[in-house]
Amino acid sequence: MVLLVTSDNEQFQTEKDIVERSVLIKNMLEDVGESDQPIPLPNVSSSVLKKVTQPSTGPTEIDVRGRYLSTASTTVESPSRPPILEQSQDETRKRTTDISEWDQKFITVDQEMLFEIILAANYLDIKSLLCRRWLQDGSQHDQGARPPEEIRKLFNIVNDFTPEEEAQIKKENEWAEDR
Amino acid sequence: MSPTRARDATTSTPELLELILAHLPMRDLLVTAPLVCKTWQALALTPALQRVLFFEPVPLSSSAPMQNPLLAELFPPFFTAVAQDTHWARLPGSARSIKSMPWSKSPAAFKRAEASWRRMLVAQPPPLTMIVAEKCYGQSGAAERRTALTDISPLRMGSLYDIALPFADADTDSFFCVLWRDGDVETDSEGDITLAVTYTESTRQRRGLRLDERFYSDAFRDHANLEIAWGEMDHTSLWLNAN
């Protein structure tokens, strides 16, 4: 067991194999060696850590970087499924089921928590962070492209295109819009 | 950290945004992401995301290539699997099937020269060579000819479409199909992909269904006249039964 201390000073007793999903913690443990000292996580709150380390529902092996971002990868996965690396076929199939269940739960997490989880997973260097479909939480747009206005609202982004620039970009990709 | 700060920290970290975008459905990444703002437009041009979008090739791998799902959806005759014993007149590619492609009723967005489907790779990793095999059924039997196109590497949809289209747009009954490498490189040393074409040498002229200019891209490049240099006639059965 490893003792973790979050930014809000809560202590977590966590299984070693679970915390070692985090490359950050794994490296820390290797540096420190066997020790009862708590590991401080000043950038992670207790509510987020619970989400990230939940052994039953948390994602485990999904590489957010995906195969196209990882040049070392040789597996081919359909982009509609999360890319899974370093696993046997059987395991991959099992995981895929686990993931879709987790995916469902993940989508029900509110939007702010989603951003916090992403940040925490980035800080902890957990490959298993899942952000697939996270923009589809309303699942209203499963069939086609979500309008850019909605994305801007979600991310609090200001449209900095002129109408002419927008029209030019649209021209190239209009063929792929819903029809 | 407050919720808003978490969001802003996420969106101002390009590495994180890139990860998020890489997991969007392909259509969202292609159509919506570049329209959000200039930062997102620039992000969609990173090598990693260009690979996700089938614009830049991924490194060769030992597994079977993955067809471009967006192109497969909108250009079905080019991506339909064909069984070995398919009758030549039931091949998926024909003037009729081209005319009934999902976009055929509003071809303007497809026809314009800058439409991005033309730059898209047909599969990842992309085919680097293409065999064009033509079989003609005439009164004196079947004749075949074939050629390897090497100047199409890596194969993008614009080239495949431009090369295949004239074969379907003929005065005779003509059909085509695309035979995809199924991953076992050993069994097919000839080409990564084969465009198989059949037609009849008919005594009756003008039987075929012609395609009007709506189906030709403004950037159409006639490969048939420019680059297809046929090899010798080959009478062995190469790719389909002549039943």
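The values are calculated or read from the model by the stated rules, or taken from the named source; none is laboratory data. If you're wondering where the values come from, they're calculated on a predicted model, not measured in any experiment. A quick note on method: Cβ atoms are made from the backbone with ideal geometry, for glycine too, and the neighbour counts reach across all protein chains shown. The accessibility values were calculated without ligands, DNA or RNA, using every heavy atom of the protein model including side chains. Shrake-Rupley method; radii C 1.70, N 1.55, O 1.52, S 1.80 Å.
When B:G138 is evaluated against the numbered criteria (1) surrounded by 15 or more Cβ atoms within 10 Å (Cβ to Cβ); (2) modelled with pLDDT under 85, which criterion, by number, is the only one it fails?
(1)
Do we find that B:P102 is in contact with a helix residue (DSSP H, G or I) (Cβ under 6 Å, 6 or more places away or on another chain), closer than 24 Å to B:A168 by Cβ and not polar (S, T, N, Q) in this structure? Let's see the steps before the verdict.
Details: in contact with a helix residue (DSSP H, G or I) (Cβ under 6 Å, 6 or more places away or on another chain): yes; closer than 24 Å to B:A168 by Cβ: yes; not polar (S, T, N, Q): yes.
So B:P102 fits the description; yes.
Name the residues in segment B:9-61 that are in contact with a Ser or Thr (Cβ under 7 Å, 6 or more places away or on another chain) and more than 25 Å from B:S153 (Cα to Cα), would you?
Those that are in contact with a Ser or Thr (Cβ under 7 Å, 6 or more places away or on another chain) and more than 25 Å from B:S153 (Cα to Cα): B:L16, B:L17, B:E18.
Quick check on this structure: which one of B:W103, B:W117 is modelled with pLDDT of 90 or more and either assigned to a loop (DSSP other than H, G, I, E, B) or small (G, A, S) (or both)?
Numbers: B:W117 fails: either assigned to a loop (DSSP other than H, G, I, E, B) or small (G, A, S) (or both).
Unique residue meeting the criteria: B:W103.
A quick yes/no check of all residues on (1) exposed (fewer than 15 other Cβ atoms within 10 Å of the Cβ); (2) under 21 Å from B:R181 (Cα atoms); (3) more than 10 Å from chain A (Cβ to nearest Cβ):
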| site | (1), (2), (3) |
| --- | --- |
| B:L30 | no, no, no |
| B:T39 | yes, no, no |
| B:L45 | yes, no, yes |
| B:R51 | no, yes, no |
| B:S63 | yes, yes, no |
| B:L70 | no, yes, no |
| B:L74 | no, yes, no |
| B:S94 | no, no, yes |
| B:P107 | no, no, no |
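Inside segment B:14-28, can you point out the residues that are within 7 Å of another protein chain (Cβ to nearest Cβ) and not β-branched (V, I, T)? Don't jump to the end; show me each part of the working.
First pass over segment B:14-28, keeping only residues within 7 Å of another protein chain (Cβ to nearest Cβ): B:16, B:19-20, B:22-24, B:26-28.
Within segment B:14-28, B:L16, B:L19, B:A22, B:H23, B:L24, B:M26, B:R27, B:D28 qualify.
Would you check which residues across segment B:33-66 are closer than 23 Å to A:R152 by Cβ, assigned to a loop (DSSP other than H, G, I, E, B) and either of a type in the set (S, T, N, Q) or within 19 Å of the chain's Cα centre (by Cα) (or both) and list them?
B:T46, B:L53
Pick from B:P59, B:P34: which is surrounded by fewer than 22 Cβ atoms within 10 Å (Cβ to Cβ) and at the interface with chain A (Cβ under 8 Å from one of its Cβ atoms)?
B:P59
Assess whether B:A6 counts as being crowded, with 21+ Cβ neighbours inside 10 Å, within 7 Å of another protein chain (Cβ to nearest Cβ) and of a type outside the set (D, E). Show your work before the answer.
Working: crowded, with 21+ Cβ neighbours inside 10 Å: yes; within 7 Å of another protein chain (Cβ to nearest Cβ): yes; of a type outside the set (D, E): yes.
The answer is yes for B:A6.
If you check B:A89, B:A83, which single one turns out to be in a helix (DSSP H, G or I), at pLDDT below 90, farther than 21 Å from A:D160 by Cβ and more than 9 Å from every other protein chain (Cβ to nearest Cβ)? Lay out the reasoning, then the answer.
Values: B:A83 fails: in a helix (DSSP H, G or I).
It is B:A89.
Scan segment B:120-156 for residues that are outside any loop (DSSP other than H, G, I, E, B) and among the hydrophobic types (A, V, I, L, M, F, W, C) and report the count. Even if it seems obvious, please write down each step before you answer.
First, the residues of segment B:120-156 that are outside any loop (DSSP other than H, G, I, E, B): B:121, B:123-124, B:130-138, B:141-149, B:156.
With among the hydrophobic types (A, V, I, L, M, F, W, C) added as a condition, the list becomes B:121, B:123, B:130-133, B:136, B:142-143, B:148-149.
Total meeting the criteria: 11.
Open to solvent by 20 Å² or more (accessible area, probe 1.4 Å) and under 14 Å from the mean Cα position of the chain (by Cα): is that true of B:P154 in this structure?
Working: open to solvent by 20 Å² or more (accessible area, probe 1.4 Å): yes; under 14 Å from the mean Cα position of the chain (by Cα): yes.
So B:P154 passes the test.
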